[in-house]
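I have placed the structure first, in the form of structure tokens, so that the comments after it can refer back to it.
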Amino acid sequence: MAAIPLSTEIGPPISGARLQMDGMGGIQGWQWLYLIEAVPALLLAFVTYFYLTDRPSDAHWFADDERKWLVDRHVRRTSARIVKRSMRSASRKRCSIRACSPSH
């Protein structure tokens, strides 16, 4: 809750100082503002890419019981989705077979 008021007090003076960098390195002040604000996001993107894992079972930062719970939950949800999808597919096939079969 305190971050928003704090950012409105600290942010504008810092942005104003960045805009004063106009002409440094042949770059205008507004361009410096974009570059400086993009660097942390780009660094975090690389950190995230190499640190995060693709599967919960590979996540080394979970405790063993947390990892097991998450993997079990993922398996249950995936299995439920597969069953639901196959039932929907079977239902469509039945309907299409009825529509195509001659009536007596």
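Does Asp54 satisfy being charged (D, E, K, R) and modelled with pLDDT of 90 or more?
For Asp54, the condition - charged (D, E, K, R) and modelled with pLDDT of 90 or more - is not met.
With the requirement that a residue be aromatic (Phe, Trp, Tyr) and over 21 Å from Tyr51 (Cβ atoms), what does region 62-78 give you?
Of everything in region 62-78, just one residue is aromatic (Phe, Trp, Tyr) and over 21 Å from Tyr51 (Cβ atoms), namely Trp69.
When residues of region 14-23 are filtered for being part of a helix (DSSP H, G or I) and modelled with pLDDT of 85 or more, how many remain?
Counting residues in region 14-23 that are part of a helix (DSSP H, G or I) and modelled with pLDDT of 85 or more gives 0.
Looking at region 60-75, is at least one residue outside any helix (DSSP H, G or I), surrounded by 10 or more Cβ atoms within 10 Å (Cβ to Cβ), free of Cβ contacts under 8 Å to residues at least 40 places away in the same chain and outside the structural domain of Pro12 (by TED's automatic domain parsing)?
yes
Gln20 fails exactly one of the following numbered conditions: (1) surrounded by 10 or more Cβ atoms within 10 Å (Cβ to Cβ); (2) on the phi > 0 side of the Ramachandran plot. What is the number of that condition?
For Gln20, the exception is condition (2).
The values are calculated or read from the model by the stated rules, or taken from the named source; none is laboratory data. If you're wondering where the values come from, they're calculated on a predicted model, not measured in any experiment. Cβ: placed from backbone, ideal geometry, glycine included. Neighbour counts: every protein chain shown.
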